[in-house]
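J.: Sharing a structure below in structure tokens format, with a few things to ask.
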Amino acid sequence: MLALYRSQSDACVNFQTGWSRATSRDKQTAVPDLVQIDDPDDPRLADYRQVRERDLVGREGRFIAEGLVVLEKLIQARRHPLRSVLVAEKRAAALAPLLAGLDAGVEVYCAGQAVMDAVVGFPIHRGVLAVGTRAESDLASLLAGLPAQALVVGLVGIANHDNMGGLFRNAAAFGADAVLIDDGCCDPLYRKAIRVSVGAALTTAFARAGSAGALVEALAGAGFDLIALSPGGDTDLAAVTPGRRTAVLFGAEGPGLPLEVLAKCRTARIAMAGDFDSLNVATTSGIVLHHLAAALRRRWPPGALS
Ligand SMILES: C[S@@+](CC[C@H](N)C(=O)[O-])C[C@H]1O[C@@H](n2cnc3c(N)ncnc32)[C@H](O)[C@@H]1O
């Protein structure tokens, strides 16, 4: 076992030469022990084996996160518990401050680049992977926990992981309180969706709502003003004013939102040049959430709610 220490003013880590060294200059924060792994067949790395193949068959209640920024978000948000982290030897020193934020009991494995590549099944340049356990909210408790002023994203039939990642990224960037997905949506915790979301899929509350109809009913029942986005929407987005509880609904590339959903909502459009068909759904969400978040701040500035 190897031990790393982080000092507040001096990242005192030295992977090559003796670990349990800590400078006496200032306050120390212990970093978890690193477990050195030299054998690609080591069973402790089972969660990291053949990552791409495992993407296809699923991870039985777990997910895999890649890269420093995503891991930072995962650790800070504490929404989904971490099981273990795998770091490349060459990145271990630089990662010490981050690893100091891990909860006790999270295993941190360390391997040379060749071992890591062999385990994962492809050259893994990011130098850090983590495995977590899904802690998804159920719909009722998610809705019950939302504040009096809330902005929620509802997704119907989003089957593409890049779009799912982009939608979560925008939801987080513009302060949406939660994302609801219908049963036609792909998994926001699929590896690629997490990566494209830059970790937002791990930090944003989300719940599965069942059918598109059930999603709409649940939001309406919780007092949400429903705005469905469609290129043929009735109102130009610029003229849309949100209610205190607003949900914005987005549909899939190709079919868009089902007619039954559109019929139960106010509909809004982003005007486009000429007779252009539509925008990408994630791009649409960025424009819409930017507009609505700003409008909400204007109508109910932070602190205005009692
Ligand atoms: C590629 S579009 C689907 C296009 C489909 N032909 C339709 O009519 O909805 C995917 C989703 O992005 C959103 N979207 C795309 N362009 C939009 C626009 N100009 N105005 C409002 N929503 C738009 C809608 O939510 C739509 O369901």
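Matching residues to (1) buried (at least 24 other Cβ atoms within 10 Å of the Cβ); (2) assigned by TED's automatic domain parsing to the domain that holds Glu66; (3) acidic (Asp, Glu):
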site	(1), (2), (3)
Ala201	yes, no, no
Ser211	no, no, no
Asp225	no, no, yes
Asp234	no, no, yes
Leu237	no, no, no
Val240	no, no, no
Arg244	no, no, no
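J.: Go through (1) assigned to a loop (DSSP other than H, G, I, E, B); (2) within 9 Å of the ligand (Cβ to nearest atom); (3) in contact (Cβ under 8 Å) with a residue 60 or more places away in the chain one by one and return the number of the condition Gly232 breaks.
T.: Tallying (1) assigned to a loop (DSSP other than H, G, I, E, B); (2) within 9 Å of the ligand (Cβ to nearest atom); (3) in contact (Cβ under 8 Å) with a residue 60 or more places away in the chain, Gly232 fails exactly one: (3).
J.: For the range 235-256, what are the residues that are touching a residue at least 60 places away in the same chain (Cβ under 8 Å) and part of a strand (DSSP E or B)?
T.: Arg245, Thr246, Ala247, Val248, Leu249, Phe250, Ala252
J.: Check whether at least one residue in the range 167-179 is outside any strand (DSSP E or B) and either more than 14 Å from the chain's Cα centre (by Cα) or not assigned by TED's automatic domain parsing to the domain that holds Asp225 (or both), and report yes or no.
T.: no
Table: residues versus (1) within 18 Å of Leu189 (Cβ to Cβ); (2) modelled with pLDDT under 85; (3) among the aliphatic types (A, V, I, L, M).
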position: Tyr5; (1), (2), (3): no, yes, no
position: Cys12; (1), (2), (3): no, yes, no
position: Arg25; (1), (2), (3): no, yes, no
position: Ile37; (1), (2), (3): no, no, yes
position: Asp42; (1), (2), (3): no, no, no
position: Leu71; (1), (2), (3): yes, no, yes
position: Arg83; (1), (2), (3): yes, no, no
position: Glu89; (1), (2), (3): no, no, no
position: Pro97; (1), (2), (3): no, no, no
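J.: Checking Gly105 against (1) free of Cβ contacts under 8 Å to residues at least 40 places away in the same chain; (2) in the same structural domain as Lys264 (by TED's automatic domain parsing), which single condition isn't satisfied?
T.: Condition (2) is where Gly105 drops out.
J.: Also: Condition check: more than 21 Å from Ile270 (Cα to Cα) and surrounded by 22 or more Cβ atoms within 10 Å (Cβ to Cβ). Does Leu219 satisfy that?
T.: yes
J.: Taking Leu259 and the conditions (1) without any contact (Cβ under 8 Å) to a residue 24 or more places away in the chain; (2) more than 15 Å from the ligand (Cβ to nearest atom), which numbered condition does it fall short on, given that it satisfies the others?
T.: (2)
The values are calculated or read from the model by the stated rules, or taken from the named source; none is laboratory data. Treat the numbers as computed from the prediction; the structure is a model and nothing was measured. Ideal geometry is used to build each Cβ from the backbone, glycine not excepted, and the neighbour counts take in all protein chains shown.
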